[in-house]
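Shown next, in structure tokens, is the structure this report addresses.
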Amino acid sequence: MNSDAGFRYIGGRLHCNDVSADEIAERFGTPCYLYSAGLLRERYCRIRDAFARWDGLVCFSVKSLSNLATLRLLAQWGSGFDVVSGGELYRVLEAGGDPSKTVFAGVGKTAAEIEYALRTGVRMLNVESGEELRAIDRLARGLGRRATVAIRVNPDIDPETHEKTTTGKKENKFGVSIAGSRRLAAEAASLSGVELRGLHVHLGSPIYSPEPYVHALEKISRLCTELRAGGCRMETVNIGGGYCISYTGEDVPGPEDYAASLQVLLEKLDCQVIIEPGRYLAGPSGLLLVRVLYRKESEDGKIFVVCDGGMNDLLRPSLYGAFHRVWPAHSPGGMPRVMRAEDRHYSGFRTELVDVVGPVCESGDFFAKDRPLPPVKGGALLAIFDAGAYGFTMSSNYNSRPRPPEVVVDSSEVFLARRRETYEDLLRAERQGP
Ligand SMILES: Cc1ncc(COP(=O)(O)O)c(C=O)c1O
């Protein structure tokens with residue numbers, strides 16, 4: 001394993017593995033997503049090993065980071081995939097992902113997506129309603145197949161995270177209640193086009209304690225035992241994603257902590273365990289590099305650091321008020337280990353309080369607010385850390401801004417996973433007809 005993998009300051013300059021951020025910015029321009037393949041691999045191995053004893057299958061959550069190069073690497077390392085659309089499935093297959101290790105979730109799968117999944121032989125479809133179950137049954141029979149399905153259970157548990165990323169409470173659109181799951185299982189048994197083989201739950205993201213998983217698994221285990229007693233062959237339990245990362249640099253639970261808390265329940269279950277980490281793998285493995293365009297000071301002394309990247313490149317701060325560490329790529333003392341939203345200075349560093357903002361025409365276009373940052377001028381390079389998950393995949397062309405490139409550093413090899421979009425790319429789908 002490459003212990004130099006990841007992001008660190010060497011001689012006061014930020015590096016990805018042993019390649020400097022300056023070199024990346026020079027070659028590919030800014031804004032630019034930069035990923036460490038070595039760090040991604042370390043994190044993949046760590047979470048895989050934590051759940052290995054229950055025949056654990058890691059199904060990487062494609063929505064978090066979906067460029068082909070990354071999916072290809074994960075497929076080579078043996079990862080499976082969690083997809084939520086035909087487009088994500090297409091990406092997985094194009095990257096050489098194994099359909100028999102791919103699970104398909106989502107409340108609104110279309111008939112075309114269900115047929116596509118069945119034709120390609122995905123491992124299972126996670127069913128989220130009675131109507132969907134009947135649609136899968138009909139479509140599978142039409143293709144002369146039986147679809148393997150799991151019921152996505154909504155256990156009504158609060159994972160204590162952002163309301164927009166809470167998915168396992170009864171008011172959320174996802175999954176089916178425990179009572180509803182019993183009814184769905186009974187119905188599945190009467191349908192010749194489906195085979196019920198598992199249960200699925202995904203509580204939300206990020207979840208900073210193993211407790212909600214334990215509560216969910218207690219409920220799922222009881223249901224699983226009941227369904228087995230009724231003659232159903234339960235082979236897998238999918239406990240979803242949501243494993244947290246530290247956006248501040250403070251200590252947070254790791255995969256081993258989640259696995260240890262779930263150990264007794266998982267052992268009793270005697271099922272294959274599927275986990276669907278996205279953020280845990282991709283988040284810390286990527287950052288967004290931006291260049292400062294202007295330092296702008298208002299009459300009352302408020303300082304704006306205006307960058308060339310904006311909310312169209314990284315939406316999380318605007319969408320969720322999400323906190324990301326931001327720090328100059330040139331910093332003689334490196335960076336503070338911990339940076340928290342409430343910090344107004346960091347000991348050992350000379351800083352000023354600034355808003356780090358983008359060029360998009362919205363006041364919600366920011367990366368950091370009231371944040372201590374070493375004084376920077378136009379031309380400085382800034383890194384927005386832990387942006388690998390839900391960074392590029394949530395990017396858009398808002399303000400007709402071409403999306404940034406995605407660059408991967410694998411040991412000391414640098415390659416372009418996705419080139420920067422051009423103005424012509426912006427118009428491609430609009431240029432039709434004669
Ligand atoms: C069904 C499902 N599984 C897994 C995930 C991945 O979550 P995370 O990236 O927090 O691990 C999500 C994210 O929303 C999801 O909807």
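Worth pointing out:
- Here LYS170 is the anchor, and the lysines within straight C-alpha reach of less than 22 Å, apart from those fewer than 8 places off in the same chain, are LYS109, LYS219.
- Unit Cα scatterers, Debye sum, the stretch 241-310: log10 I(q)/I(0) for q = 0.23, 0.28, 0.29 Å⁻¹: -1.05, -1.21, -1.25
- Taking 18 Å as the cut-off, the amide N atoms of the stretch 388-413 that come nearer than this to a point 7 Å along the Cα-to-beta-carbon line of GLU362 belong to 390-404.
- Residues of the stretch 327-434: accessible area per residue with a 1.4 Å probe, Å²: 51
- Value of [θ]222 nm, deg cm²/dmol, for the chain, DSSP H segments ≥ 4, -39500 (n - 2.57) each, nearest 500: -8500 deg cm²/dmol
- Projected label distance in nm at GLU267 and SER347, using a 7 Å step from Cα toward the beta-carbon: 4.4
- Per-selection Kirkwood Rh - the stretch 360-402 (Cα, Å, 1 d.p.): 13.0
- Cα shape, the stretch 38-281, gyration tensor, a/c 1.5 rule: oblate
- The stretch 38-281, accessible surface, carbon-and-sulfur percent (1.4 angstrom probe): 48
- Given their separation in residues at 0.36 nm each and the Cα-Cα distance between them, GLU235 and ARG222 gain 3.2 nm when the chain is fully extended.
- The relative contact order of the stretch 354-434 comes to 17 percent, based on Cα pairs under 8 Å that sit 6 or more residues apart.
- Grouping the Cα pair distances of the stretch 248-391 into 5 Å bins from zero gives a pair-distance distribution of 2, 9, 17, 20, 17, 11, 7, 6, 5, 4, 2, 1, 0, 0 percent in increasing distance order.
- The mean sequence distance of close C-alpha pairs (under 8 Å, at least 6 residues apart), as a share of the length of the chain, puts its relative contact order at 19 percent.
- Structure note, pairs LYS101/LYS268; LYS101/LYS369; LYS63/LYS296: Cα-Cα distances above 30 angstrom occur for LYS101/LYS369; LYS63/LYS296.
- Solution diffusion estimate, µm²/s, Stokes-Einstein, the chain, Kirkwood Rh from C-alpha pairs, 4 °C, viscosity 1.567 mPa s: 57
- The alpha-carbon atoms of the stretch 14-140, seen along their principal axes, cover 56, 37, 22 angstrom, with the largest extent given first.
- Measuring gaps between exposed loop sites in the chain (trypsin sites (Lys or Arg not before Pro); DSSP loop; at most 11 other Cβ atoms within 10 Å), the longest gap, sites not included, is 1-169.
- Residue range of the chain that is longest and free of GluC sites (Glu not before Pro) which are both DSSP loop and sparsely packed (at most 11 other C-beta within 10 Å): 1-170
- Solvent exposure of the stretch 38-281, expressed per residue, is 39 Å² of accessible area, with all protein chains present and a 1.4 angstrom probe.
The values are calculated or read from the model by the stated rules, or taken from the named source; none is laboratory data. Computed from a prediction, not measured in an experiment: that's the story for all the values here. With ideal geometry, Cβ positions are generated from the backbone for all residues, glycine too; neighbour counts draw on all protein chains shown. Accessible surface is based on the protein model in full, side chains and every heavy atom, while ligands, DNA and RNA are left aside. Shrake-Rupley method; radii C 1.70, N 1.55, O 1.52, S 1.80 Å.
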